1. Suppose we keep only residues that are part of a strand (DSSP E or B) and crowded, with 19+ Cβ neighbours inside 10 Å within segment 72-96. Which one would you say is farthest from ligand 2 (Cβ to nearest atom)?
2. Which condition breaks for Val108 when tested against (1) of a type in the set (A, V, I, L, M); (2) outside any loop (DSSP other than H, G, I, E, B); (3) closer than 25 Å to Gln172 by Cβ?
3. Considering segment 96-132 alone, what residues qualify as being more than 21 Å from Asp177 (Cα to Cα) and at pLDDT below 95?
4. Report yes if Ile167 is within 13 Å of ligand 2 (Cβ to nearest atom), in contact with a helix residue (DSSP H, G or I) (Cβ under 8 Å, 6 or more places away or on another chain) and outside the structural domain of Glu63 (by TED's automatic domain parsing), otherwise no.
5. If I ask for residues that are in a loop (DSSP other than H, G, I, E, B), surrounded by 14 or more Cβ atoms within 10 Å (Cβ to Cβ) and among the polar types (S, T, N, Q), which ones from segment 22-71 would you list?
6. Which is of a type in the set (D, E, K, R), within 13 Å of ligand 2 (Cβ to nearest atom) and within 24 Å of Lys56 (Cβ to Cβ), of Glu152, Glu119?
7. Among (1) of a type in the set (S, T, N, Q); (2) more than 16 Å from ligand 1 (Cβ to nearest atom); (3) crowded, with 19+ Cβ neighbours inside 10 Å; (4) not in a helix (DSSP H, G or I), there is one condition Gln113 misses while meeting the rest; what is its number?
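The values are calculated or read from the model by the stated rules, or taken from the named source; none is laboratory data. Because the structure is predicted, anything quoted here is derived from the model rather than measured. Note: ideal-geometry Cβ built from the backbone for every residue, glycine included; neighbour counts use all protein chains shown.
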Amino acid sequence: MTERVDDGVPGEVTVVDPGAGYRLDVNGRSMTVHDSFASESLLFVLRERLGLPAAKGACEQGECGSCSVLVDDDLVCACLVLAAAAVGRRITTVEGLGPVDDSGDPTVLSDVQAAFVAEGAVQCGFCIPGLIMAVHHLLDTVPDPDEEEIREAISGNLCRCTGYGRIVSAVQVAAGDRRALARTGTSAGEVAP
Ligand code: FES
Ligand code: FES
């Protein structure tokens with residue numbers, strides 16, 4: 001049975017047949033979702049149908065940001081988006097930020113992930129995938145954010161462990177590395193050839 005799914009665009013709906021399966025573009029791969037209900041969230045489908053556990057489920061009400069992913073170039077809470085409404089959109093999770101191997105597993109950390117590790121910004125780690133997505137979104141749109149802009153950009157991502165100081169430092173390091181890379185072709189931690 002086909003179902004009409006409001007995809008959030010005024011005047012548009014997506015017609016899908018969740019029971020028969022549908023395809024999602026996730027991290028550059030076309031993945032088939034089988035045996036799904038139209039009411040399943042993108043978070044549920046990523047984790048439980050497609051085996052991509054990076055986006056975390058906590059509040060499932062759009063409050064904590066632990067499930068943050070990119071849909072096209074928009075940062076969204078995957079718990080608030082119907083998976084079927086993301087058909088035809090480009091979905092990016094933490095698993096897809098950098099190069100991947102043949103299994104689709106990441107082979108290296110992204111620049112933002114590396115900065116979080118270097119600055120000691122990770123404690124229990126639960127909130128980190130959502131924060132990493134929020135920071136990538138920030139730096140892709142604001143290359144040189146000041147502290148207020150950084151804190152505003154991550155204000156939707158709750159961390160119960162770190163106090164945010166080291167997270168802000170990590171964002172500043174990653175931003176500096178990107179600017180150095182743009183200027184010289186090497187990041188701040190590399191020696192120019
Ligand atoms: S689980 Fe989606 S915002 Fe908290
Ligand atoms: S590192 Fe534990 S919730 Fe953020």
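1. Out of the qualifying residues, it is Leu82.
2. (2)
3. Matches in segment 96-132: Val100, Asp101, Asp102, Ser103, Gly104, Asp105.
4. On the way: within 13 Å of ligand 2 (Cβ to nearest atom): yes; in contact with a helix residue (DSSP H, G or I) (Cβ under 8 Å, 6 or more places away or on another chain): yes; outside the structural domain of Glu63 (by TED's automatic domain parsing): yes.
Against the criterion (within 13 Å of ligand 2 (Cβ to nearest atom), in contact with a helix residue (DSSP H, G or I) (Cβ under 8 Å, 6 or more places away or on another chain) and outside the structural domain of Glu63 (by TED's automatic domain parsing)), Ile167 qualifies.
5. Asn27, Ser36, Ser66
6. Working: Glu152 fails: within 13 Å of ligand 2 (Cβ to nearest atom).
That would be Glu119, the only listed residue that is of a type in the set (D, E, K, R), within 13 Å of ligand 2 (Cβ to nearest atom) and within 24 Å of Lys56 (Cβ to Cβ).
7. (4)
Residues are listed down the side, and each one gets a yes or a no for (1) in contact (Cβ under 8 Å) with a residue 40 or more places away in the chain; (2) outside the structural domain of Ser41 (by TED's automatic domain parsing); (3) on the phi < 0 side of the Ramachandran plot:
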{"site": "Gly104", "(1), (2), (3)": "yes, yes, no"}
{"site": "Ala118", "(1), (2), (3)": "yes, yes, yes"}
{"site": "Asp140", "(1), (2), (3)": "yes, yes, yes"}
{"site": "Ile150", "(1), (2), (3)": "no, yes, yes"}
{"site": "Gly163", "(1), (2), (3)": "no, yes, no"}
